[in-house]
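Data block below; observations after.
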Amino acid sequence: MPKIHSKQISKELSLLRVDDDEVRYFEALWEIENGITYNSYLLTGEDEVILVDGWKREYADDFSEALKDLIDIRDITHVIVHHMEPDHSGSLAKILKENGFRAEVLGHPLVRGMMKAFYGIDVKFRAVKDGERLSLGGLHLEFFHTPWLHWPETIMTYLRGHGILFSGDAFGGFSIPPAIFDDDDEVVSSYLPFVREYISTIIGSYRQHIPRNVKKLMDQRLEIRMIAPAHGLIWRKNPERIIEYYLKIADGIPEEGKVLVIYASMYGSCEEAGNIVAEELKKQGKRVITYGFTDVRWASINKIIGDAVDSESLIIIAPTYENAVFPTISHVADLIARKIPPNKPILVLSSHGWAGVAGKKLAERFRSANFSVIDVVEFKGKPDEDVKKRILESVSKLLSQSSTN
Ligand code: FEO
């Protein structure tokens, strides 16, 4: 049974949150062993009941029951859709059916067609313009188009007078925090790595839209007293903290001394190269984080992407496999190239049996994404003393060019 939180936050505002500890691969791609929450909100005005987003389809029945404990679903007058990804919109078809389709759906112009395409429903729809204001039952709403956080149709809603920003995916994170609000610094500190992982995996390809949209909000001089995202903690103690954190991760600001070593090793040669570089980096006072794919363990790709974004440099090690890059590292390299800011130098090492191509192909992939590839060391079989010397020279070159040096 999922844990459900139904909490009245103020006279007008209630939170409905479900803790999804059943999901294993978010978007059927990202391994999230610590789960995720879906946050919906209910705003009650004088004569209006406004539902803000929903839960994933798998929890539609639970969502309906949780709503019925608070209101008569037929009394919902408006549904604000900040984002059509089904982790939020998946339950709305059921709720709208139970509502008799009386509620007006408010959202980006794309939402109407997506509702039809995703759920086969025609809804009473009102497209909201960027910057549009709307007063409903004494609640003064202001809508902002915030494209690509995380799809093109994403919007945010500001509740004027209350200082609440409903932000959809933005300012959210993975995992199930053991609290509703950001009141406890220890809870926040444990949660932030999951936010970093969420930004880099889910929004990473659109990262330039984070500062762009934050600037747009800041230009409005909104007094933001609370950020209510669709995932994770609600920020009321320190909303600036999550805004600043999002900006920092979007820019890939490196944590001083953090170096990521990622390798795949079929029979131990690349793992040995990984051990050589890790040992040297540690000698140089670096904080080394190593992820390996071997015949007895596979690293979490989520964690790799989350740790890559704020590393000061990266070392990628892969065998040549069928005249190409070994598949796991090929996949990881592609994700890094797409989702991580290229402000960190990369060293590529590669082992082969008879002919090496993986090093060259990896370097090409990273360079095509504007990363600086400091060196490529291709070697036959296990690293011998000569190879070890070349690797150590390359590590030294890498460190001399790391962004925090
Ligand atoms: Fe939480 Fe992009 O959906």
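The values are calculated or read from the model by the stated rules, or taken from the named source; none is laboratory data. Quantities reported herein were computed from a predicted structural model and do not represent experimental measurements. Because the Cβ atoms are built from the backbone with ideal geometry, glycine has one as well, and the counts that use them run over all protein chains shown. Just so you know, the surface numbers come from the protein's heavy atoms only, side chains and all, with ligands and any DNA or RNA stripped out. Shrake-Rupley method; radii C 1.70, N 1.55, O 1.52, S 1.80 Å.
In the set (1) within 15 Å of the ligand (Cβ to nearest atom); (2) not in a loop (DSSP other than H, G, I, E, B), His83 fails one condition alone, (2).
Selection of first residues in the stretch 174-202 that are more than 16 Å from Lys248 (Cα to Cα) and among the hydroxyl-bearing types (Ser, Thr, Tyr) and of second residues that are open to solvent by less than 20 Å² (accessible area, probe 1.4 Å) and part of a helix (DSSP H, G or I), restricted to Cβ pairs under 8 Å at least 6 apart or on distinct chains, gives the following pairs, ordered by first then second residue: Ser175/Tyr191.
Those strands (runs of 3 or more DSSP E) of the stretch 207-304 in which 3 or more residues are without any contact (Cβ under 8 Å) to a residue 60 or more places away in the chain and more than 16 Å from the ligand (Cβ to nearest atom) occupy 258-264, 287-293. I'd like to know if the stretch 27-44 contains one or more residues that are among the acidic types (Asp, Glu), open to solvent by 30 Å² or more (accessible area, probe 1.4 Å) and over 27 Å from Pro193 (Cα atoms). No: the stretch 27-44 contains no residue that is among the acidic types (Asp, Glu), open to solvent by 30 Å² or more (accessible area, probe 1.4 Å) and over 27 Å from Pro193 (Cα atoms).
Selection within the stretch 143-157: residues that are more than 10 Å from the ligand (Cβ to nearest atom) and open to solvent by less than 10 Å² (accessible area, probe 1.4 Å). The member of this set that is farthest from Glu197 (Cα to Cα) is Phe143.
Failed condition for Thr201, given (1) more than 16 Å from the ligand (Cβ to nearest atom); (2) open to solvent by less than 30 Å² (accessible area, probe 1.4 Å), with all others met? Every condition holds for Thr201 apart from (1). Report, by residue number, each residue of the stretch 76-126 that is buried (at least 22 other Cβ atoms within 10 Å of the Cβ) and among the acidic types (Asp, Glu). Residue satisfying the conditions is Asp87 alone.
Checking the structure you have, find out if any residue of the stretch 170-182 is closer than 15 Å to Val81 by Cα and either more than 26 Å from the chain's Cα centre (by Cα) or buried (at least 22 other Cβ atoms within 10 Å of the Cβ) (or both). Yes, that holds for at least one residue. Here Ile289 does not fit the description of being under 14 Å from Ile329 (Cα atoms) and surrounded by 16 or more Cβ atoms within 10 Å (Cβ to Cβ).
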